[in-house]
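Down below is the structure, laid out as structure tokens.
The values are calculated or read from the model by the stated rules, or taken from the named source; none is laboratory data. Just so you know, these numbers come straight off a predicted model, no measurement behind them. Cβ placement follows ideal geometry from the backbone for every residue including glycine, while neighbour counts extend to all protein chains displayed.
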Amino acid sequence: MTRFTTLIAASATAVAALGAAVPALADNHGMKKNIVEIAADDERFSTLVAAVTAADLVETLSGEGPFTVFAPVDDAFDALPEGTVEGLLEPEAKGDLTNVLLYHVVPGEVMSGDIPEGTMGADTALEGSELCVTSGEGVMLDDGTGAMANVIVADIEASNGVIHVVDKVLMPGNNPEC
């Protein structure tokens, strides 16, 4: 078993244990799940959950928020150049992994209907760089590489914000011009 597969399995077990305890509260008290709990319960996000766990961001993204998270699906991570995900999951790359993940998080709760048509600079991501958001036929994000990430599922409401599912991993540091 590779180190990457082992990390995903261990992270999935840890988050499943966390999720097993919290849904009982949600069922008993009618509370919504937080961003991490929603991701942990959705098989499309196993790599994202492993990465959030490896970067020690579970507590942050389970916190009060509100946050808007552009959550890449597993296929988006699989599309990265070979070795990228494994490299980011190495302990010595924790800072880089944290920057990549926080580039997908914007402070506040931004629902898709609140994004004006056209292209605009979004609020600065928690990582510190700006994202370009384009809306019209759908919502797309540009990290400055020239490739666009499409929002494929919008407005998944959580107790501490909103999740928009995207089909590309956004890479920080390119500072696009919106």
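Numbers for the structure displayed
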| quantity | calculated |
| --- | --- |
| Any hit, segment 102-116, residues being more than 25 Å from Ile38 (Cα to Cα), more than 12 Å from the chain's Cα centre (by Cα) and surrounded by 15 or more Cβ atoms within 10 Å (Cβ to Cβ) | no |
| Restricting segment 73-96 to residues that are touching a residue at least 40 places away in the same chain (Cβ under 8 Å) and in contact with a Ser or Thr (Cβ under 8 Å, 6 or more places away or on another chain), the residue that is nearest to Val153 (Cα to Cα) | Phe77 |
| Contacts under 9 angstrom Cβ, first residue in segment 145-173 being assigned to a strand (DSSP E or B), partner hydroxyl-bearing (Ser, Thr, Tyr) and crowded, with 22+ Cβ neighbours inside 10 Å, 6 or more apart | Gly161/Thr68; Val162/Thr68; Ile163/Thr68; His164/Thr68 |
| Within segment 10-42, tally of residues that are at pLDDT below 95 and assigned to a helix (DSSP H, G or I) | 20 |
| Meets criteria (within 21 Å of Ile35 (Cα to Cα) and under 15 Å from the mean Cα position of the chain (by Cα)) for Val85 | no |
| Those residues of segment 28-86 which are of a type in the set (Asp, Glu) and farther than 24 Å from Val133 by Cα, in sequence order | Glu37, Asp41, Asp42, Glu43, Asp56, Glu59, Glu64, Glu82, Glu86 |
| Qualifying positions in segment 39-49 - over 11 Å from the mean Cα position of the chain (by Cα) and either surrounded by 20 or more Cβ atoms within 10 Å (Cβ to Cβ) or at positive phi (or both) | Ala40 |
